[in-house]
1. Only one of 105, 87 is assigned to a helix (DSSP H, G or I), farther than 28 Å from residue 196 by Cα and open to solvent by 40 Å² or more (accessible area, probe 1.4 Å). Can you tell me which?
2. Count, please, the residues in region 200-254 that happen to be of a type outside the set (S, T, N, Q), open to solvent by less than 50 Å² (accessible area, probe 1.4 Å), at pLDDT 80 or above and farther than 25 Å from residue 361 by Cβ.
3. Under the condition of being open to solvent by less than 30 Å² (accessible area, probe 1.4 Å) and among the hydrophobic types (A, V, I, L, M, F, W, C), which residue from region 407-424 is modelled with the lowest pLDDT?
4. If you take the residues in region 140-162 that are within 16 Å of residue 125 (Cβ to Cβ) and of a type in the set (S, T, N, Q), which one is surrounded by the most Cβ atoms within 10 Å (Cβ to Cβ)?
5. Suppose the filter is farther than 23 Å from residue 6 by Cβ, more than 19 Å from the chain's Cα centre (by Cα) and part of a helix (DSSP H, G or I); does residue 159 pass it?
6. Restricting to region 131-143, and then to whatever is part of a helix (DSSP H, G or I) and out of contact with any Lys or Arg (no Cβ under 6 Å at 6 or more places or on another chain), can you tell me which residue is modelled with the lowest pLDDT?
7. Please determine, by comparing only the residues of region 105-130 that are modelled with pLDDT under 90 and of a type in the set (Gly, Ala, Ser), which one is farthest from residue 325 (Cα to Cα).
8. If you scan region 243-262, which residues turn out to be of a type in the set (Val, Ile, Thr), touching a Leu at 6+ places or on another chain (Cβ under 8 Å) and over 14 Å from residue 155 (Cβ atoms)?
Amino acid sequence: MKAAYYRQLLFYGLPGLPLAMLGLPLYVYLPSFYAQEWHLSLTVIGIALLAARGFDVLTDPLIGWANDKVNSRIGRRKLFILLGIPLLLVGLDYLLRPVGKVDGLYLFTWSMVTYLGWTLISIPWQAWGSEMTRDYHGKSALSASREVFAILGTVVVISLPFLLGSMDNIALTLDTLAKLLWVLLPLSLFPALVWLVERRQVRRFAPLRKVGSILSAHPAIRQLLPAYFINSLANALPATLFILFVTHVLQASEQVGTVLMVYFLSGIVGLPLWLWLARRIDKSRAWVLALVLSVAAFAWMPLLGAGDVYGFLAICVVSGLALGADVALPASMQADIAQQMEHQGNPQTGLLFGLWGLLTKLALALAVGIAFPLLDWAGFAQEAALQSDTTLLTMALLYAGLPVLLKSWVIWRMWRFPFSEVDFRDYWEMSYANALYSARPSTHHNERVQQYED
């Protein structure tokens, strides 16, 4: 039994590694690559990537809805994942290893294809994880497995330029990454697609015109989704400004890789602690404590200046420990809500995780839209030695001050989260009792399904 449980955790979490390896290149390396190697203007690159990202944001809930609705002999989640694999690999190959006429339209087209393939895999994959078990803490373990491999994938990408000796050669790094992903992505998904079971779904689903009512479908959704979005924005701000902060405030650009490695490895170390704590004080309270720890660490950030690398490393260790809860527990709470909704005759798991993806990407876009214009207004200069005190203070406040305020709001919002382990278990016990003592349970079930369909 234990062997099957750990095999499920491994096979489900494994695809997180190659999928996470896509994150950093598409957000960090790609603009510089097309500007330096293909001489596209920053304006053209910005418009092309923004348009592709806008398309991607719109497709998340649509693909989530369609993934709930479509049935196939191999399973809904598996079908979409199989459709996404070739689309992602082909799009990624043209994007990271350009051929032919390379212009803004080329960048937009292959970015859009890559994002679409990515979404076709990631949304069903997350929804599938929420359906694999009804165990309250089992879903946390699945989320943690996914995020551990995601962090490892990020560490691999960070290490790749060092391993290749290509610190100043973005083209070589991206070319190697494309080759790696052609091997790693199919290999990582193969065990899940072959050996993991997908539960069949026989209920019908709400038409597309009714999906807007999902926010009122469960009281916990209205609390969790806004909190997740605000926290994602609080995390996206320092992620967006990380390299600039290390380069211009700490003046230690050569330490970027080391500090990132320390931060993400701390996240892996912290994950077992938060899973253990969630079993004792519940998921929402464990997440809140992680947010408090993160706020306590970030509060010291504006005091740092040139050369304070060790102080920054200490902050990264503490905030990195909190990262484990940030990436695993909210998604697990979302899975609990989705599972209860499904059992109540409102199965919209794919749509819920589609909205989850939309909010994640919207937070990243908003972070860029807030941070860069404000830095420009504060007189940002390309050379670290030329930065004014006003610019450095603005960067520190955007990097840490605003995230502290945002996370403080999430702490207040989530402390009284209306869906705990007690609520989850009480619901399933009542549901079981109703089915056990119902005179004609199958008739009642059919009546409920027919009422929902009408």
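The values are calculated or read from the model by the stated rules, or taken from the named source; none is laboratory data. All figures in this text were calculated on a predicted structure; none of them were measured in a lab. We place every Cβ from the backbone using ideal geometry, glycine too, and count neighbours over all the protein chains shown. Quick note on the areas: whole protein, heavy atoms, side chains included, nothing else; ligands and nucleic acids left out. Shrake-Rupley method; radii C 1.70, N 1.55, O 1.52, S 1.80 Å.
1. Numbers: 87 fails: farther than 28 Å from residue 196 by Cα.
That would be 105, the only listed residue that is assigned to a helix (DSSP H, G or I), farther than 28 Å from residue 196 by Cα and open to solvent by 40 Å² or more (accessible area, probe 1.4 Å).
2. Going through region 200-254 one residue at a time, the tally reaches 4.
3. 424
4. The qualifying residue surrounded by the most Cβ atoms within 10 Å (Cβ to Cβ) is 143.
5. Numbers: farther than 23 Å from residue 6 by Cβ: yes; more than 19 Å from the chain's Cα centre (by Cα): yes; part of a helix (DSSP H, G or I): yes.
Yes: the conditions hold for residue 159.
6. Kept after step one, since they are part of a helix (DSSP H, G or I), are these residues of region 131-143: 131, 136-143.
Of the ones still in play, those that are also out of contact with any Lys or Arg (no Cβ under 6 Å at 6 or more places or on another chain) are 136, 138-143.
Details: 136: 67, 138: 81, 139: 80, 140: 81, 141: 86, 142: 89, 143: 86.
Looking at residues that are part of a helix (DSSP H, G or I) and out of contact with any Lys or Arg (no Cβ under 6 Å at 6 or more places or on another chain), I get 136.
7. Here the residue is 127.
8. The one that is of a type in the set (Val, Ile, Thr), touching a Leu at 6+ places or on another chain (Cβ under 8 Å) and over 14 Å from residue 155 (Cβ atoms): 249.
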